[in-house]
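Encoded as structure tokens, the structure appears first; notes follow it.
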Amino acid sequence: MKLDVNVLRYLSKDDFRVLTAVEMGMRNHEIVPAELIGRIASLKHGGTYKVLKNLLKHKLVHHDSSKYDGFRLTYLGYDFLAIKTLVNRGVFSSVGRQLGVGKESDIFEVAKEDGTVLAMKLHRLGRTSFRAVKSKRDYLKHRSSFNWLYLSRLAALKEFAFMKALEEHGFPVPNAVDCNRHCVIMSLVDGYPLVQVKKLPNPDIIFETIIGLVVRLAEHGLIHCDFNEFNIMIDDNEKVTLIDFPQMVSVSHRNAEMYFDRDVGCIFKFFHKRFGLSFQENADDSNDSDVEPDEVCWPRFTDIKKATDSLDVDLAASGFTRHDQVAMERFIEGNQEDLSDNEETDEEEPDEGEPDLPDEANIKRIESLNLLEEDVDNPVDKDGPSDGSQFEQ
Ligand code: ADP
Ligand code: MG
């Protein structure tokens, strides 16, 4: 996705105020009525519609008049709000080239004033599976406020919290720098995803290091759940770095053993295919008597011993709540089931329904919290977990 940050420079305070008003309106409207945007933004000299036209020209909002005259944020609009906030905070000052396109994210280089280069991950949950999620997930059926903003923000919050906790426990992960909305800023890994590596001087050592990481994660109470050659980076000195954490689950998850075996299996298969390492094909087959001396044993989930410094405690204190975790797990599980029969690749509009919060209440809340006064800091984060609670059953 093209991210022309030059547009940022041409946007006025009013432009951002109206863009933020659209974001706030999306708390309870998939398409925010133009009239409501005007009321939320309450520009001193009026003219919200003219500003909206400018935002539309730059593709920061999408116009929808099928049911009524309304607007919603585009990914780009949401990107700009996060970028502007992080730039205001001094986290970075410019956006550079795109580093990667993940399944549900876009990754860019960003640079600080002093030239330090960092990585920016913009989460795009729902990009590949909006229709499936919309049509099949019971828990979303009656949630008019369900949208990709919420899920992408949750994914970023979770990724940031997990990265930080993993780093603090000595795991080789990028340094978690900051997080806003759906955007995570982390240190740049100077390496390549393992999938791009055709030759390794010591594949068996790297293999053992990587399997050791899956085991150590489990000892600390966690399973990565997407542990494969795309999410393991390796540098020229063969240093391994793990990335991509939004889908991690606890070892107490009901499907923990299956996820653990799947993670281990991905690594075994990859090293067998790419580097010719031999091992037991199936976890169930690997009993001690028939393992060849040069074969590596498949670690068993049931043999994992829990470490004393479990990560659960840190994560509970991170702001990523139990409720958030449940919402994410439901989405991820639904996503994995649904992806197989979902060919849709474009972002799709979820159903419009009855708003959860009356507009007047929302406007009052915005006014009382002064949400529009401080430029565009993170308005949806300011009133804490209640923002997410509207998604509870
Ligand atoms: P997704 O969740 O969409 O799979 P990832 O976090 O796996 O996203 O990132 C996608 C790609 O972006 C990675 O395979 C890698 O090439 C690149 N990437 C991600 N994080 C970093 C980083 N911190 N430094 C360098 N490259 C990165
Ligand atoms: Mg990935």
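In the list Val91, Val7, Val95, Val87, which residue meets the criterion of being at pLDDT 95 or above and not polar (S, T, N, Q)? Outline the logic, then answer.
Details: Val7 fails: at pLDDT 95 or above; Val95 fails: at pLDDT 95 or above; Val87 fails: at pLDDT 95 or above.
Among Val91, Val7, Val95, Val87, only Val91 is at pLDDT 95 or above and not polar (S, T, N, Q).
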Exercise. Which of the residues spanning segment 199-249 are within 16 Å of ligand 1 (Cβ to nearest atom) and charged (D, E, K, R)?
Worked result: Asp226, Glu229, Asp235, Asp236, Lys239, Asp244
Exercise. Taking Val91, is it in contact (Cβ under 8 Å) with a residue 24 or more places away in the chain, within 16 Å of ligand 1 (Cβ to nearest atom) and of a type in the set (A, V, I, L, M, F, W, C)?
Worked result: yes
Exercise. Is there any pair linking a residue in segment 101-113 that is in the same structural domain as Val87 (by TED's automatic domain parsing) to one that is of a type in the set (Val, Ile, Thr) and near ligand 1 (Cβ under 6 Å from one of its atoms), with Cβ under 8 Å and at least six apart or on different chains, and which?
Worked result: Val101/Ile107
Problem set entry | Matching residues in segment 50-102 - criterion: being among the hydroxyl-bearing types (Ser, Thr, Tyr) and in contact with a strand residue (DSSP E or B) (Cβ under 8 Å, 6 or more places away or on another chain) | Tyr68, Thr74, Tyr75, Thr85, Ser93, Ser94
Seminar exercise, completed: Those residues of segment 184-210 which are outside any strand (DSSP E or B) and under 30 Å from Leu86 (Cβ atoms) amount to Leu188, Val189, Asp190, Gly191, Leu194, Val195, Gln196
Exercise. Restricting segment 187-216 to residues that are more than 25 Å from Phe260 (Cβ to Cβ) and in contact with a helix residue (DSSP H, G or I) (Cβ under 9 Å, 6 or more places away or on another chain), which is farthest from ligand 2 (Cβ to nearest atom)?
Worked result: Lys199
Exercise. Going through segment 112-141 one residue at a time, which ones are in contact with a strand residue (DSSP E or B) (Cβ under 6 Å, 6 or more places away or on another chain) and either assigned to a helix (DSSP H, G or I) or at pLDDT 95 or above (or both)?
Worked result: Val117, Leu118, Ala119, Met120, Lys121, Leu122
Problem set entry | Answer residue from segment 243-262, given it is within 20 Å of Ala307 (Cα to Cα) and outside any loop (DSSP other than H, G, I, E, B) and is farthest from ligand 2 (Cβ to nearest atom) among those | Glu257
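The values are calculated or read from the model by the stated rules, or taken from the named source; none is laboratory data. Source: prediction; values computed, not measured. Neighbour counts run over all protein chains shown; Cβ positions are idealised from the backbone, glycine included.
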